[in-house]
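First up is the structure itself, then whatever we jot down about it.
The values are calculated or read from the model by the stated rules, or taken from the named source; none is laboratory data. Values in this document were obtained by computation on a predicted structure and should not be read as measured data. Note: ideal-geometry Cβ built from the backbone for every residue, glycine included; neighbour counts use all protein chains shown. To get the accessible areas, we keep the full protein, side chains included, count just its heavy atoms, and leave off ligands, DNA and RNA. Shrake-Rupley method; radii C 1.70, N 1.55, O 1.52, S 1.80 Å.
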Amino acid sequence: MKNMWPGLALIGLASGVLLVSDLDRRQNAGRERNLPRLAILQWTSTDLLDRTVEGMVEGLRHQGFEQGRTASLRFFNAAGDTATANLMAKEATGGSFDLVLTASTLALQAVAAANRDGTVPHVFAGVTDPYGAGVGITGSGRDEHPPHLTGVGTFQPVDAAIRMARQMNPGLKRLGVVWNPSEDNSEACVRMARATCGELGVELIEAQAGNTSEVAEAVRSVLARKAEAVWIGGDTVAMAAIHTILSTAADAGIPVFSNDPTDAARGALFGLGASYRQVGFEAGDRAGQILRGASPASFAVDDFAPEVLTLNDSPAGRWPAWTIREDHYARARTDKPAVAAGPVGPEPGRIYSAGVLSFGPNPIFEMAAVGIREALEQAGFVAGANLVLHEMHANNDISMLPQVVQRMVQRRPDLLIPLSTPCLAAVLAGTRDLPVVFGVVTSPIEAGAGESFERHLPRVTGAVWTAPAPELFDGIRRLFPGAARLGVLYNPAHANSRAEMEAIRKLCLRHGLTLIERSLSTSGDVMEAMSSLLQSEPDMVFGMGDNTVVTSFAAVADACLKAGVPLVADDASLMGSGALFSVGAGPRLEGRHAGQLAARVLLGENPADIPFMPSVELETAVDLEAARKLNLALPVDFLKAADLFFHLHARRGRPARVALVNLVQARVLEQGEEGVRQGLVDSGLKEGVDFTLRPYNAQGEIAQLPALLDAALQQDPDLLVTVTTPAMIAALNRVKDVPVVFTVSSDPVALGIVKADAIPAHVTGVHDDPPVDRLLEMAMRYIPGLASVGIVYDPAQPNAVLSVEKLRNTCREQGIRLHEATAFSVTDLPAAVQSVVQRKAGALVLSADNLVLAGFPAILGAARAAGLPIFTTDPDLVEQGATGAIGDDYHAWGVQAGRLAAKVLAGVPPGVLPMETTRNQKVLAPKARERRREPREN
C-alpha cells in the first residue's frame, strides 16, 4: 500500500498495536463469519496436477477467497486409486462443501458421478478432453453442459510436439508411447498422435500400462520395437512414472519428449505443453466468481492451453541425431521452470485503429461502445493515445448500412466491430479482407458468419448476446417458489424474438411454469395485449428485449405494478421503470466482451482460431422501489448476488449518507476516493438521489483521526468508507455500530490487526496483495537466464515485510536466489543497494513502501551506477527511472470498494461480504530495445 510520508506507517503500526489489544477484548462481540468451504480433489501427485492445484488456490485468492482468512479449503488426493477417489468424491459432494474443484479427468469423472443431482457447484481443470469425458459436456456452449458443472479443458499440443520432434530429427521414423487405455484424456491424445504421425510418415509404437508398476515393461516393449524416441502425452500413469520412462530410455540412448514443460529439467529432450498453473488459475478465478453469485451455467467450457516450451540444453552429446534449432531456443527458457507469460501489450509507438459500426443512435449501442472502450483500454489500447476509434451509424435506416460500411472501409481500420446482426451482415457483404469482431449480435449464423460457433469465416469472430439467461429463471424460483404462471409479450415478426421465445418455452418447461403468450405487431398494440395478459392472472410477467415491447416498456411496467404483478426483465437496460429484477449480459457487458476479443485480434491473434463466444458475464439488477410497491422483502443472498441497484433511496425514504474518511491529501488517494464514488454510480446509484458522500481528511495527522471519526459519526452516517491503512485502523478502533468499508489499505488479517475467524461483523473492504511474484516473472522475461534478484526494504514497515515474505516464496518456486538488504532511513539506501550488487543480484525488485518512495532517487542512482534494472510495485516510479512496474490502479481499487459499499447500502450486512483483494493493476513492461542478457552465475 502506498502512503505518502515516511514514518506514517510506523505511527500506524503503533496505533495497530493499541487496536489489537482493544479488539482482543471485544473479539467475542464480533460475529464469527461462516467462511465458504471448498473441496479441491486431485487424482494423484504429479507436477502437472500439483501446479494445477496451486493455480486454483491463486485464482481463488485473486477473487478474495484465501485459506484460513476468507475461505476454508480442504485438499483431497486419491493417490491414483479409483476406490479412494470415489469415497473422496462422495464426501466432497455430501453437503459439507459449498463448491468442489477437481484436477484431472479421472477426478472430474469421480466427482461428476457422485454429484449427478447437481447438489454442489463443480469446477474442473487439468482435463484434456472434457467433451469426451462422459460427464454430460457436449460442447463449449453454455447450454451444452450440466448447469452445476463448468471448467476449462486443456487439450495438449500433441500435434505441435510431434512436429517439433520431427524438426529436431528429420530422420525420425518410429515413435513410442506408453498410455493407460482407461483414461479418456489419454485416448484423445493418442488419437491425435496417430493422425499426426500418419501425416508425417512416422510409425507410432504403442504400449499400454494400467498403473505405474506396468510402465517399465511397457517402455521396454516400445524400445524393443525400435522406437527412436518416446513421447509422453497427457497420461496420468505415464506422468507419475516419468523417472522410470526417462531412465529406461536413457539406458537405451533414446530421447524422451513430453507435453509437460517441467520434464526438460528432469532429463527430457523438451517439454511442450500448457502452463497448468495458469490453467488452474483460470479455474480458481471462475470458482471465486461462482462463490460471489455467478452461476456455473453462465460459463462456457472452453479449451484453454497457454503453451510453454522448455528445452534440455545439451542434446548433442546424448542424442547426436537430434538438434535444437535457434528458433526453438528463441521461444523457450532454457534450464528454467516455465514462467507464465504476462499479457502481451500493444507495440510501443504504433497507432492502432478500429471501426465501430452501429445501426443508429440508441442507448443499447451507446452502452456497448462504452464497454468496448473499457475493454480495449484495459488491454492497453487507449483512444486518443495509441488507438484511433472510428464510430459510425446508419441512423436506424437499414438501406444506409452499405454506404456506411464503405465509408468505414475507406478509413482502413485494423479491424471492424459491427454492433447488431444487421450491421454484421452488412459488413460481411461489403468487405472481404478486414478482420471482423462483432458484438451485441444474437444471430451470427443467420448473418452469414459461419456454419457454427466453431466453424466460421476465418476473418470473423465475436461475442454472441444470448437471452434469456437461465439464471433469471433461477431467480424467479428463488423469489417466488410457488409461482405457476408466467406471462410474456412479443412480436413474432422479429426473428430474434422468435428465437428467444423458443428458449423461454424450454426454461418454463424445466421450471414447471405455464407460459401465457400474447403476440403483438406494433407498439400501439401493447396496452391491449397487456390487458388481455393480466386478465389471464399470471403470477408474474417476463419483459423480453423485443424491440416492439421495449419501446413501450414503461407502460408495461406501470400496468404490472398497478395490478400487483411482478415484472422481470431480460437485462439491466430495461430496468428503472418498474421491473423488479433482471439477470442478463446487458449491452455494456456485451460491449466489454467484444472489446476483449477485439484486443486479442489487435495483438495478433487470428480470428479463425477464436470461436464465437456466447455471453460469459452476467449482471443482476434489482429495483428497490418496485420491491417496496410490491411489499416484497428481498432476501440478503439475493441482494448479495446483485450488481445494480435501482432507486436505492426507496429503502430509507431518503439518500443514504456516506462518510469518506482519508488520512492525507495525495493524488493517488484522491484517485481512490473518486473510484469509490464511481463504484457507487456504477452500481446504479445516483448521487444526490440515492446517496450523498461527505469527505473528511486528517491532513496527514494520524492523531486527528479519532476526532475526525467522531465528527463523521455525529452526522449519523449510514456507511463509513476509509481510505489508507491508518484510517482503517482508527475506524476499527472507534466505530462499532456503523458499517465500515475500507479501501487503499493493507490486509488487516495479515497485519495482525484482526483475526481471520473473528473479523468484526460490521466491517468489509478491499486490500492489496503486492504483486512481487509477477514482478519477478517480468524480470525473468526481461533478463533471460536471470539467476538472482535483490530487494531493499524497511523491516519496520508491515507492508514491506509482507512483500518480502511473498517474494521469498516465489523465488524458491522459480529457483531464483534472493539477496535481501534492510534500510531504516534514506541515507541507508545507497549502501543497501551496493550490498545486493556485491552479491551479484541481476535485478532489483522493490515493493513501494514509504522508505522506497521517499528515497527512490538514492536507490536509482546506486542501481544505475551498477547497471542494475529496477522492477517496482509503483507504476509512477517508471517515470522516475524504474525499468518496469506492476502495481495497483488506485481508481479501480476505489471502484471495487464502492461496489461493496453499494451492496451494504442496499441491505447486505458487511459480515456476509468477504474482504477482497484488488483485481486491477497497471502493467508497465520494459521497452524491448532495452533488453539485455545477464551472465549466468557460476
So which pairs qualify, if the first residue must be in region 274-295 and in a helix (DSSP H, G or I) and of a type outside the set (Phe, Trp, Tyr), the second must be open to solvent by 40 Å² or more (accessible area, probe 1.4 Å) and at pLDDT 90 or above, the Cβ gap must be under 7 Å, and the two must be at least 6 apart or on different chains?
GLY284/VAL57; LEU291/ASP98
Within region 531-546, is even one residue over 9 Å from LEU489 (Cβ atoms), part of a helix (DSSP H, G or I), open to solvent by 70 Å² or more (accessible area, probe 1.4 Å) and not assigned by the TED database to the domain that holds THR421?
yes
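Yes or no, residue by residue, for (1) within 18 Å of ALA483 (Cα to Cα); (2) in a strand (DSSP E or B); (3) modelled with pLDDT of 95 or more:
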{"position": "ALA555", "(1), (2), (3)": "no, no, no"}
{"position": "CYS560", "(1), (2), (3)": "yes, no, yes"}
{"position": "VAL565", "(1), (2), (3)": "yes, no, yes"}
{"position": "SER573", "(1), (2), (3)": "no, no, no"}
{"position": "ALA579", "(1), (2), (3)": "yes, no, yes"}
{"position": "SER582", "(1), (2), (3)": "yes, yes, yes"}
{"position": "PRO587", "(1), (2), (3)": "no, no, no"}
{"position": "HIS593", "(1), (2), (3)": "no, no, no"}
{"position": "LEU597", "(1), (2), (3)": "no, no, no"}
Which residues, taken from region 631-646, are part of a loop (DSSP other than H, G, I, E, B), open to solvent by 40 Å² or more (accessible area, probe 1.4 Å) and touching a residue at least 40 places away in the same chain (Cβ under 8 Å)?
LEU632, PRO635, ASP643
Answer yes or no as to whether VAL388 is assigned to a strand (DSSP E or B), at pLDDT 85 or above and open to solvent by 20 Å² or more (accessible area, probe 1.4 Å).
yes
Suppose we keep only residues that are assigned to a helix (DSSP H, G or I) and modelled with pLDDT of 90 or more within region 224-247. Which one would you say is farthest from ALA193 (Cα to Cα)?
ALA224
Extreme residue, nearest to ALA240 (Cα to Cα), among residues of region 195-226 that are among the aliphatic types (A, V, I, L, M) and open to solvent by 50 Å² or more (accessible area, probe 1.4 Å)
ALA224
Matching residues, region 868-890, being over 21 Å from GLU377 (Cβ atoms) and not in a loop (DSSP other than H, G, I, E, B)
ILE870, PHE871, THR872, LEU877
Those residues of region 391-414 which are under 16 Å from ARG459 (Cα atoms) and either modelled with pLDDT of 95 or more or not in a loop (DSSP other than H, G, I, E, B) (or both) amount to VAL409, PRO413, ASP414
In region 63-73, is there at least one residue being touching a residue at least 12 places away in the same chain (Cβ under 8 Å) and open to solvent by 50 Å² or more (accessible area, probe 1.4 Å)?
no
Number of positions in region 285-343 that are charged (D, E, K, R) and modelled with pLDDT of 75 or more
9
Any residue in region 601-612 that is buried (at least 21 other Cβ atoms within 10 Å of the Cβ) and in a strand (DSSP E or B)?
no
Apart from one, (1) closer than 30 Å to VAL382 by Cβ; (2) part of a helix (DSSP H, G or I) all hold for HIS649; the odd one out is (1)
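One line per residue, one yes/no per condition, for (1) open to solvent by 30 Å² or more (accessible area, probe 1.4 Å); (2) hydroxyl-bearing (Ser, Thr, Tyr); (3) under 20 Å from the mean Cα position of the chain (by Cα):
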| position | (1), (2), (3) |
| --- | --- |
| SER104 | no, yes, no |
| ALA113 | yes, no, no |
| ASP117 | yes, no, no |
| ALA125 | no, no, yes |
| ASP129 | yes, no, no |
| GLY141 | no, no, yes |
| GLU144 | yes, no, no |
| GLY151 | no, no, yes |
| ARG163 | yes, no, no |
Strands (runs of 3 or more DSSP E) (entirely within region 415-528) containing at least 1 residues that are under 32 Å from the mean Cα position of the chain (by Cα)
415-418, 436-441, 460-464
Given the structure, is THR310 in contact with a Phe, Trp or Tyr (Cβ under 7 Å, 6 or more places away or on another chain), polar (S, T, N, Q) and outside the structural domain of PRO147 (by the TED database)?
yes
With the checklist (1) part of a helix (DSSP H, G or I); (2) at pLDDT 85 or above; (3) farther than 17 Å from THR105 by Cα in hand, flag the one item LYS90 doesn't pass.
(3)
Would you mind finding the one in ALA626, ALA659 that is in contact with a Pro (Cβ under 7 Å, 6 or more places away or on another chain) and either open to solvent by less than 60 Å² (accessible area, probe 1.4 Å) or closer than 27 Å to GLY586 by Cα (or both)?
ALA659
Here are the criteria: (1) closer than 22 Å to ASN259 by Cβ; (2) buried (at least 24 other Cβ atoms within 10 Å of the Cβ); (3) of a type outside the set (Asp, Glu). Tell me which single one SER45 does not satisfy.
(2)
